Structure formats: C-alpha cells, structure tokens
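A.B. asks: Below is the structure I would like to discuss, written out as structure tokens.
The values are calculated or read from the model by the stated rules, or taken from the named source; none is laboratory data. Please read all numbers here as calculations on a predicted model, not as lab measurements. Cβ atoms come from the backbone with ideal geometry, glycine included; neighbour counts cover every protein chain shown.
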Amino acid sequence: MSTIPVYDPLRSEMIHDPYPTYARLLAETPIHWHEGMGAWVVVRHADCLRVLREHETFARDPRRNGEKIPEFRQNVQMMDPPEQTPLRRLLVSAMRAQDKEKLFDDAVTFVRGALTGQRPDQPFDWMSRVSAPFALHMSSALLGVPVPDGSDYAGISHGIALRMDAGLAPENIPEGDAARQRLNDLGESWFPRPEGDTGLVAQLIRRADKEVHGGHYIRNSAAMMFNASYGTIFAMVGNAALLLATVSGLLEEVARPAIRQTGVDELVRFDGPAQGTSRIAVAETVIEGARIAAGDTVVTLLAAANHDPRVFADPQEIKLDRRPNPHLGFGSGPHACFGSEFGKLSVSAVISALNDEGMRLRVAAQPTRRTTATVRSMDVLPVCLER
C-alpha cells in the first residue's frame, strides 16, 4: 500500500522538483492536516480558487482572527475587503497609468546591455548578472524611485522571503521582521516625490486619500509593491531562463509574436515563483469533506493547482498556445498580484532581447535553487551564451 506523501517543501527533493509530490497530493489527498504548520493544505485548483476568492470566509488579515499586527506590517496585502478596497483601487489605478510600452523598451535595452561583451565560451551566473540587477532596475522604473544598492537590497529581499516560510521555520521571524522594517525605511525615503514625477509612487501621492487610510498604509504598500515586484521578476526571469536553456527550441517558439502572450503565461503556470499562500478561516466550513474550524489556517498550494489535470490537460508538458490557462501563478481574488502584467512584461523582454540578438542560453554547470518554500527561485544559474 502506498503512503500519502507528506508536504515537506524544505526537503532537498522538493526544492529540486516539487511536482511529483504535487501530482500525488492532487490524486490521493486533495486536503490534509499538516502537523508541522498546524494548517490545512489544499491542492486542487477549484479548492484553491475558492479559498482565495471567498474573503468573507477565508481571511488574509490576521486581525479578523483577533491577532494584533504592528504598524510596520500594515499594508494593502494584509487587509481584506471592504477595508482594503479603496487602497487597492488606488494602487491598481496608479499601476494602469504607467507607460507599458516605454517600460518594455527600457527592459529590452537593459537586458541587452547586461549581456553586452559576454563571450560565448565564458560561463556566468545568470541570477547575479541579469536577474538581480534587472529586477532592481525594473522595480525602480515602475515605482519611479532611485535604484537601491544591489547587495543591500538582496539581504532585504531574502529576509522577507524567509519570513514567508515562518509556518515551517518560526526561527526566521526575527530576521524577516527586521528586513521588513528596513524595507519600510527605504519606502519612507521615497516620500514626497517631485511634482513632475510619473512613477507609481508619485501617482499614489497625488491620488491618496489620507482620510481613508493612514499615511503609513500608503508608504508600507509602496515598499511592499517594490519588494513584490523585485522578488517576482528575480524569480520569474531565473525560472524562465532555466527552461529556455534546457528545453530544445523553446526560445525560438515562445519568441514568435503570435505565441508570446500565451507562451509567457504557460511558463508561469509550468514553473512559476509562487508556490503557496495562506488564509485563516473566520467561520466553520467544509472543503473536500474536511471540516475546517473557525481560526484554522488553510494553505493553498498554487503551484500544485497549476498542475491539476482536472483543469490543465497534460499539465507536465509546456504548451505555449494553451487556452484557456486559468493558472494561479499570480493568485486570484482580492489579493491577486496587481503587478502581474509587469512580471510577464519582464519575461517577455528577456525573450525579446535574447532572440533579437540571436543569442541562446546553455547551462554551463549544475544550477542550485534557493531553500525557500513559498517562493520557488534559482539561487545560482551558471550559463553560457551561444550565437
């Protein structure tokens, strides 16, 4: 008799390739209680979608469960509707006001510059040479703020990523909270902006209704958006680069204009950064026959849901023309990533820069992944360029 796999995302086999375990969970145990996290783990697409969208039953805001949240952690992502709605609308509106075409052209130029002078026979680390500086550049351009020091910001981002895994590793909480405070301090330095600025932060300042939310919500949310943008682009560009370097003909195919949009979405579905997120049940409910009590934590494994064969035919295959493709790589519901278009724009810019210059990637040595559960990301990706 086979045993039900235990979700242990920090195990080396899971860091390397979690998808076989996800497949078994999808087939054998769509929901189970995880003793280590003290939470329910949900894997099927329909169940994950329900938890993400039913904010009346499943709270993101711990205060709805009686917890206190310090001011430095209060931002739009820690709020639920209806309290969240005015601030989220403000942020979405400011995001939509950005010049996407200009950002795309700038992104392509940056990637080309990062690869200029790189000899075909000279291995380099894609993550430190391209992903990290590109993510900083793009996030700064989007928000209209100065580019932070790369080495200093890498520490902030890594600390926050570790904090996301606090359910599995509570010892990460102090480092993560310290990183969040450093991030908020950085955000404070962006306010106010000159009147002529067109970046997202300037849009927030002009449109913010400080009578609805305290000023710290705006500043913390701007800082949170910067880090979400940085972390998403860093991981997405790394994961995509590994696929482009190892799957024969993938770059040529996904570079075709007719396939680019659906192709980038498929890369996110197939191996995206977001592995899971959690909610707190504020009322008793039932999922797949399991009775969820008020106060219980529910972890949705988004990456597993993105490989649910009930929704995605042949989920283990990359199908660049997959339609429809309702993947949860950027979440769903009131906490869906409102910068998803810019994350996909960044991957598209990398594809365009490589293809237009006639460059291909080849893995030069064994890549390594970061030992994080919530975010799936490369740590070191040694590659060579081929023309």
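A.B. asks: Please go through the stretch 311-336 and pick out each residue that is closer than 24 Å to Leu87 by Cβ, among the small types (Gly, Ala, Ser) and either touching a Ser or Thr at 6+ places or on another chain (Cβ under 9 Å) or without any contact (Cβ under 8 Å) to a residue 60 or more places away in the chain (or both).
C.D. replies: If the condition is that a residue be closer than 24 Å to Leu87 by Cβ, among the small types (Gly, Ala, Ser) and either touching a Ser or Thr at 6+ places or on another chain (Cβ under 9 Å) or without any contact (Cβ under 8 Å) to a residue 60 or more places away in the chain (or both), then Gly329, Gly331 are the ones that fit.
A.B. asks: Taking the stretch 182-213 only, how many residues are modelled with pLDDT under 65 and loosely packed, with under 14 Cβ neighbours inside 10 Å?
C.D. replies: In the first step, residues of the stretch 182-213 are kept if they are modelled with pLDDT under 65; the result is 194-196, 208-213.
Now restrict to residues that are loosely packed, with under 14 Cβ neighbours inside 10 Å: 194-196, 209-212.
Here the count works out to 7.
A.B. asks: What's the total number of residues in the stretch 247-258 that are over 27 Å from Ser139 (Cβ atoms) and in contact (Cβ under 8 Å) with a residue 12 or more places away in the chain?
C.D. replies: Summing the residues that are over 27 Å from Ser139 (Cβ atoms) and in contact (Cβ under 8 Å) with a residue 12 or more places away in the chain in the stretch 247-258 gives 3.
A.B. asks: While we're looking at this one, here's another question. Got at least one residue in the stretch 27-44 being over 26 Å from Thr372 (Cβ atoms), touching a strand residue (DSSP E or B) at 6+ places or on another chain (Cβ under 9 Å) and hydroxyl-bearing (Ser, Thr, Tyr)?
C.D. replies: Looking through the stretch 27-44, none of the residues is over 26 Å from Thr372 (Cβ atoms), touching a strand residue (DSSP E or B) at 6+ places or on another chain (Cβ under 9 Å) and hydroxyl-bearing (Ser, Thr, Tyr).
A.B. asks: If you take the residues of the stretch 223-257 that are crowded, with 20+ Cβ neighbours inside 10 Å and hydroxyl-bearing (Ser, Thr, Tyr), which of them is nearest to the chain's Cα centre (by Cα)?
C.D. replies: Step by step, filter the stretch 223-257, then rank; the result is Thr232.
A.B. asks: In the stretch 120-173, which residue that is surrounded by fewer than 22 Cβ atoms within 10 Å (Cβ to Cβ) and touching a strand residue (DSSP E or B) at 6+ places or on another chain (Cβ under 6 Å) is nearest to Ala222 (Cα to Cα)?
C.D. replies: Asp125
A.B. asks: Ok, one more. With respect to Val264, determine if the residue is surrounded by 23 or more Cβ atoms within 10 Å (Cβ to Cβ), under 28 Å from Phe134 (Cα atoms) and touching a Lys or Arg at 6+ places or on another chain (Cβ under 9 Å). Steps first, answer last, please.
C.D. replies: On the way: surrounded by 23 or more Cβ atoms within 10 Å (Cβ to Cβ): no; under 28 Å from Phe134 (Cα atoms): yes; touching a Lys or Arg at 6+ places or on another chain (Cβ under 9 Å): yes.
Spelling it out, it is not the case that Val264 is surrounded by 23 or more Cβ atoms within 10 Å (Cβ to Cβ), under 28 Å from Phe134 (Cα atoms) and touching a Lys or Arg at 6+ places or on another chain (Cβ under 9 Å).
A.B. asks: Which one is surrounded by the fewest Cβ atoms within 10 Å (Cβ to Cβ) among residues in the stretch 294-313 that are assigned to a loop (DSSP other than H, G, I, E, B), touching a Phe, Trp or Tyr at 6+ places or on another chain (Cβ under 8 Å) and of a type outside the set (S, T, N, Q)?
C.D. replies: This residue is Asp296.
A.B. asks: When the residues of the stretch 73-108 are filtered to those that are more than 14 Å from Ile218 (Cα to Cα) and free of Cβ contacts under 8 Å to residues at least 60 places away in the same chain, which remaining residue is nearest to the chain's Cα centre (by Cα)?
C.D. replies: Here the residue is Arg96.
A.B. asks: So, one more: Restricting to the stretch 314-360, count the residues that are modelled with pLDDT under 95, hydrophobic (A, V, I, L, M, F, W, C) and in a helix (DSSP H, G or I).
C.D. replies: Here the count works out to 1.
A.B. asks: I'd like the full set of residues that are of a type in the set (A, V, I, L, M, F, W, C) and surrounded by fewer than 18 Cβ atoms within 10 Å (Cβ to Cβ), limited to the stretch 40-57. Quick ask: steps written out before the conclusion?
C.D. replies: So the first thing to find is which residues in the stretch 40-57 are of a type in the set (A, V, I, L, M, F, W, C), and the list is 40-43, 46, 48-49, 51-52.
Listed by number, the list holds a single entry, Ala46.
A.B. asks: What number of residues in the stretch 259-290 are assigned to a strand (DSSP E or B), of a type in the set (A, V, I, L, M, F, W, C) and touching a residue at least 24 places away in the same chain (Cβ under 8 Å)?
C.D. replies: Residues of the stretch 259-290 that are assigned to a strand (DSSP E or B), as a first pass: 274, 277-281, 285-287, 290.
Retained after the next criterion (residues that are of a type in the set (A, V, I, L, M, F, W, C)): 274, 280-281, 286-287, 290.
If we keep only those that are touching a residue at least 24 places away in the same chain (Cβ under 8 Å) too, we end up with 274, 280-281, 287, 290.
Total satisfying the criteria: 5.
A.B. asks: A further question on this structure: What single numbered condition from (1) touching a strand residue (DSSP E or B) at 6+ places or on another chain (Cβ under 9 Å); (2) loosely packed, with under 14 Cβ neighbours inside 10 Å; (3) of a type in the set (S, T, N, Q) fails to hold for Thr109?
C.D. replies: All conditions are met except number (1).
A.B. asks: I'd like the full set of residues that are more than 10 Å from the chain's Cα centre (by Cα) and among the hydroxyl-bearing types (Ser, Thr, Tyr), limited to the stretch 322-342.
C.D. replies: Within the stretch 322-342, just Ser332 meets the criteria.
A.B. asks: Follow-up. Tell me the residue from Phe124, Phe58 that is of a type in the set (Phe, Trp, Tyr) and within 29 Å of Val237 (Cβ to Cβ), please. Write out each step before concluding.
C.D. replies: Values: Phe58 fails: within 29 Å of Val237 (Cβ to Cβ).
Selected residue: Phe124, the only one of Phe124, Phe58 that is of a type in the set (Phe, Trp, Tyr) and within 29 Å of Val237 (Cβ to Cβ).
A.B. asks: Select from the stretch 361-387 the residues that are crowded, with 17+ Cβ neighbours inside 10 Å and basic (Lys, Arg) and write down the one among them that is modelled with the lowest pLDDT.
C.D. replies: Among those residues, the one meeting the criterion is Arg370.
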